[in-house]
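Scroll down for the structure; my scribbles are underneath it.
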Amino acid sequence: MPRLKRAVIVGTLIGAVMGFVDTYGYAVTGYTTAELSLVITPVLVMVVYRLLMKSVPSPSEQLLASLVAVGSSLSTTITSGMYITYTMLAAMVDPGVIGLPQWLYYSGPLTPMHYLFYIFASASSLSGVLLAYAFSEHFISKERLHYPIGVSASLSILISRAVSSKEVALVFAAGLVTELLLGVLGFPLLDLTPSLQGIVPGMAFAVGTDVLVLLLALMLPLSVTAGVALGSISMFLVILPIMAFAGFFAAFPGMGVYDIVSSAAPTMSSFIIGYVIVITAFYFLNYRGVFLSSLRFIVKTRETRTSLLIALTIQLLTIILAAVIITHNSYFPPAFIPIVFLVSFLLSIVTMRMVGETGTASQALLPLGTATILASGARGAMPYVLADPYTGVPMPQFMAGTGMNVIKATEKVGAPKRLAVGLLGLSVLVFAPLTLLYGHVLLSTYGISSPRLNLSRWIPIVAWMSSLYSGGEGSIVVPAAIVGAITFFIVLALTRSLKSLAGLSAFAFLLGTTLTPDMGMLFAVAALIKFIAYRMGTDVYEALLAYASVALSGAGAGIMITTVMSALGVV
Amino acid sequence: MEVAASIMAIIVAVALAAFIALIISGTKEKEREVTGFSRIDRSVGAKLELMASILRKLLLTPSALIIVLTLAVALAGMAVLSSESRSQSAFVVPVIKVENNLTLIKLANTAPVDDVLNAIESLLSNTTSPYHIEGIYLVKVVDEPIRVEGVRTPKLVVVGVDNCCNGVYLISCEALDSPNPPFTCVNEDELKGYLYVDGVLPVIPIEAFIGNKPVFPPLTSVIVTSLDDASRLLGYEEPVANVVLVGGYLPPSTMRESLGKLVSEVWVVSEKGALILTSESVSSLKEVILAVFLSIAVAVVVSSAARSMTPRVGEVANRLMISGFPSWGGAIIYYVVVMLCSTIAIAVYSGVAIMFGLPASVGHLILVGAFVLTALAYTPRTTGFVGTGRAEADYFSVRIDGCVINKLLEDVISAIRRTEFFVIEELTIKRGNDKAFVRSKSIFSETWGIGVDIEVLISSVGETSCRVEVRASDWSIEEISASLTRSVRSLALSRIRSVIELWRLGYSR
């Protein structure tokens, strides 16, 4: 117990700082490292232990302290992140028109309703962690999924124990300095998209230098890295030009890669919806036997049964709230509650599956949730705010995926599972009001006019959300969804017929289709590096993984330093 | 709302209770000690050093130098040729149409109003068609939003219109809480009147497209005022402008010539639609054809140079195999050389391009793609022999006559323990009267992330015989290819198999 107290104290100290850094990062640049905090934090924990406690924690203690801090980081995505997003939305469109209640965004001092809503949203999101706890045996032991971010976190913990060794310090410093340099100088992007539009409209190609993405790609299994690269390249070099030719979106000369992404946003979302529907059905059909036996096991065991029941009750109540809270212009048909609930549950399961292969599901699966609410005939912001994991606040799917990575890391370092999951959940809840306050303080200090957060960048997103909330005319392109479904079958056929593509993951391909081509190219480079390292021997391959995880921690620390420097006005 | 707030509070309480309960029960769980990680193979550094020294030697050959120079020169040549063959872009938006012909000229830079008018006059001096200037505008999307007291939304777009507004700033009534001179509230239709000529031709910039719909900045974030006031608001010392609306038909061919340093975009609008001409140069078919020809030339040179490297690469691959690299390790030498050559060439070209301002184009993409494909086409696929032995199955069952369970068990345990290839992490042994069970968890000693679990069950059959059931499963911390983990599994099983075969043949009795 004294070691637990020590872990909680260190985790709280780091969490308080990380929560601010993540909030500030999002407030001024629109980006956050919350999703990768599980890999970055263990190294920081080790540094704090050595500096303040003058001791080295056990791997288990290090993980528990990290989870307390990670809880703070994760809560920023739900509280301050969404608070800032809705403030942007309210600044760009009249909140009254879309029925956005005042307790969602910045419009003066924080009210008790602000706090209640965002803490509730955190609690509702945590139902995902309870689901992960219930299904962890199924995904980790039965389906034997890798959960690369969880493995990476455990590597980070185990390697940071040798942090005094020259090699590790050097690699950490390399990640940190590279990220600092890029942060200060800006991330160079070679965008060939404007010239491509004259030849093949809709095609996009760019080469970027995001070191964090490259290191993350190195951490993922080779087949996943290659699958993500293939997904991105296929989407931007083949699928989008076909859909531009079909007239689904505008592609004019001079458009850059982000213009194409913006123009193709409804088309890409629709494509993803088609792909996700088929892959979800295929997954459940294929795994129905194992899945049902796991479900029977979960129901028989008291602990997992309780977790499952609590998680499902919270998710159901949250969706019922979407029908209960009626604001001006908002409406959600109660008859659709069971359907939205079922889709939310299925998305949680598939997200956990996808994260097992790809490390992160990003938001690849979530447009299906949006489409379900849209199909229900819902109007106004509130149904989406409460029940849509894509544009709304409760994010059980995101938390379920993260929860699985946490459980995998817990198993790898031999930490107590229940304690780890409990600490993570409690930490998210405890930090939720603090990170909301951080967001509020930053908004009241900087407003939404930070020179680095150009409001005009939000116009396409806001236009899309606004169109969605008003009934979504043109938000879903049905033929693109059909193309998405067909693409899944093509991917499936290729992986089954071509030996060289045998290990390719259809989920990785899906993740790739949501990433811009500059990121896709980084994944391709990472796949090549991994391919070569693997052929140099498994020892070299494993060393690459180990050092990449340390460099990733260094790069994460680099982002934090850049953010603090930015807050101090140095950069 | 009270009901909703109560439900929210209940959900928070339930979640809190669930996680506290997990923590309380979790404190009774035991930590498991992890082992095995301290062994990151020290030979990795040596392997990388060996690889680096080999690459240095290969890269300093004349063939590699030729490959790098060929690609770098081709990239630079492509840039020079493509800058002459690029074309300006044009596209049609059919939904924007007006009854009277109009031309909207957007200038590349903001300039004083008189200079703008003079420039337009001289630009259109050769035009034979009659024209007249209908309006002059200053349109700016600001980097840092303008915040005004009493105005709800920050202002992103400032539009200055000549002959407008009588010294007031017009804002949408949706955004203004209370009158706040000189800011005046007008309804959105009136505001649109200034921002869209004839209700359809947008003076304000298109921010993006969502699908096929252009997205303009919301009217609540626009300020409309006179040219003088807009210029002052944006910090200019004198009235400036950057958009000119010309009435009358101006032939697109004439307008195309005007694109360049002065004019960035021209909208020629008629009853048929809007033809948008931009100064953005795009790749032309001519450029693609040039790139293909250059690629063929590069391919010829690169393939010759790559062929000349083959004997040396083969020699290096043999040395690598002797140094303990995997048999197919040598094959990657080519990949690495190709990758490094192209990286060096691109880096050299990038330096030259930055110095002389050369553009990046589709031609470059074709060229680099062709280079990589050609170089890889000449890569020897295998430089070593890869064994094709049959892997052990993950389960087998054997009947042994004349078997003594305890003795056989000792032999199996000994086979598991006495191996230089594996480090035993766990070993569980259970003995009964007519049954024995061994379970081992071993890590492959060459790595820290690959292991094999083996279960052996020996049960007596009748008086003197027994059945041995062996089950093995391999695992890896990362996804190592199945062929590799299978071979590790076979290695582990071969020890058990040899013990069983010896017993079957009667040598161990």
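When a/c reaches 1.5 or more, the comparison of a/b and b/c decides; with that in mind, is chain A rounded, prolate or oblate per its Cα gyration tensor? Because its axes are fairly even, with a/c under 1.5, chain A counts as rounded. Based on the Stokes-Einstein relation at 37 °C and a viscosity of 0.692 mPa s, and on the Kirkwood radius from alpha carbon pairs, the protein assembly as shown is assigned a translational diffusion coefficient of 102 µm²/s.
Summed over the residues of region B:85-229 and divided among them, the accessible surface reaches 46 Å² per residue at a probe radius of 1.4 Å. Peptide A:114-126 has a mean shielding of 4, counted as Cβ atoms of other protein chains within 10 Å of each residue's Cβ.
Take the accessible area of B alone and of A alone, subtract that of the pair with a 1.4 Å probe, and the total buried over both chains is about 8000 Å².
For region A:122-273, the solvent-accessible area works out to 30 Å² per residue, with a probe of 1.4 Å and every protein chain left in place.
Estimated from helical segments only, the mean residue ellipticity of chain A at 222 nm is -23000 deg cm²/dmol, where each DSSP H run of four or more residues counts as -39500 (n - 2.57).
A simple packing score, the average count of other Cβ atoms within 10 Å per residue, orders the peptides A:124-136, A:181-193 as A:124-136, A:181-193, with the highest score first.
Taken along the Cα-to-beta-carbon direction at a fixed 7 Å, the label points for A:R3 and B:V14 span 3.5 nm. On the accessible surface of region A:507-571, probed at 1.4 Å, how many percent belong to carbon and sulfur atoms? For region A:507-571, the apolar C and S fraction of the accessible surface comes to 79 percent.
Residue by residue, region A:343-360 carries 3J(HN,Hα) couplings of 5, 4, 5, 4, 5, 4, 5, 5, 4, 4, 5, 5, 4, x, 8, 9, x, 9 Hz when phi is fed to the Karplus relation 6.51 cos²θ - 1.76 cosθ + 1.60 (θ = phi - 60°); x denotes Gly or Pro.
Between the amide H of B:F209 and those of A:S263, B:V215, distances stay under 5 Å, these residues lying 5 or more places away or on another chain, with hydrogens modeled in the peptide plane. Computed over region A:81-126, the convex hull of the alpha-carbon atoms projects to a mean area of 3.3 nm².
Amide H contacts of B:A241 (H built 1.01 Å from N, in plane; Pro and chain starts excluded): B:A111, B:V113 sit under 5 Å, all sequence-distant by 5 or more or on other chains. What a 1.4 Å probe finds exposed on region A:127-175 is 64% carbon and sulfur by accessible area, rounded to a whole percent. Most tightly packed first, judged by the mean number of other beta-carbon atoms within 10 Å of their residues, the peptides A:247-259, A:546-558 read A:546-558, A:247-259. Cysteines without a disulfide-compatible partner in the protein assembly as shown, using Cβ under 4.7 Å as the rule? By the Cβ distance rule, which asks for a partner under 4.7 Å, the isolated cysteines are B:C341. Rounded to whole numbers, the Karplus 3J(HN,Hα) couplings from phi for region B:109-126 are 9, 7, 9, x, 4, 4, 4, 4, 5, 4, 5, 5, 4, 6, 5, 9, 5, 8 Hz, using 6.51 cos²θ - 1.76 cosθ + 1.60 with θ = phi - 60°, and x at Gly and Pro. Sequentially through region B:203-211, phi angles give Karplus couplings (6.51, -1.76, 1.60; θ = phi - 60°) of 8, 6, x, 7, 7, 6, 10, 10, x Hz, Gly and Pro residues having no value and appearing as x.
When peptides A:318-326, A:14-22, B:12-20, A:280-288 are ranked by their average number of other Cβ atoms within 10 Å per residue, the highest-first order is A:14-22, A:318-326, B:12-20, A:280-288.
Note on A:V97 and B:M355: their simple-model spin labels are 5.4 nm apart, each label 7 Å out from Cα toward Cβ.
In nm, to one decimal, how far is the A:K300 label point from the A:I482 one, both placed 7 Å along Cα→Cβ? In this crude spin-label approximation the distance works out to 4.7 nm. Surface composition of region B:231-316: carbon and sulfur make up 60 percent of the accessible area, probe 1.4 Å. At the listed q of 0.12, 0.21, 0.22 Å⁻¹, the Debye profile of region A:94-173, built from one uniform point per Cα, gives log10 I(q)/I(0) equal to -0.73, -0.96, -1.01. Near the amide H of A:M395, within less than 5 Å, lie the amide hydrogens of A:S125, all on another chain or at least 5 residues away, with H placed in the peptide plane. In the calculated pair-distance distribution of region A:412-533, the portion above 24 angstrom amounts to 65 percent of the Cα-Cα pairs.
The mean number of Cβ atoms from other chains found within 10 Å of a Cβ in peptide A:188-201 is 5, as a whole number.
How would region A:468-515 be classified by its alpha-carbon gyration tensor: rounded, prolate or oblate, with rounded meaning a/c under 1.5 and the a/b versus b/c comparison settling the rest? The shape class here is prolate.
Please work out the Cα center distance from region A:311-369 to region B:171-246, rounded to the nearest Å. Here the two parts' Cα centres lie 40 Å apart. Rounded, prolate or oblate: pick one for region A:491-571, where a ≥ b ≥ c are the square roots of the eigenvalues of its C-alpha gyration tensor, a/c under 1.5 means rounded, and failing that, prolate if a/b is larger than b/c, else oblate. The shape class here is oblate.
The values are calculated or read from the model by the stated rules, or taken from the named source; none is laboratory data. Here the structure is a predicted model, which is why all the values come from computation and not from measurement. Note that we place each Cβ from the backbone using ideal geometry, even for glycine, and neighbour counts take in every protein chain shown. Remember, those area values only see protein heavy atoms, side chains included, never the ligands or the DNA or RNA. Shrake-Rupley method; radii C 1.70, N 1.55, O 1.52, S 1.80 Å.
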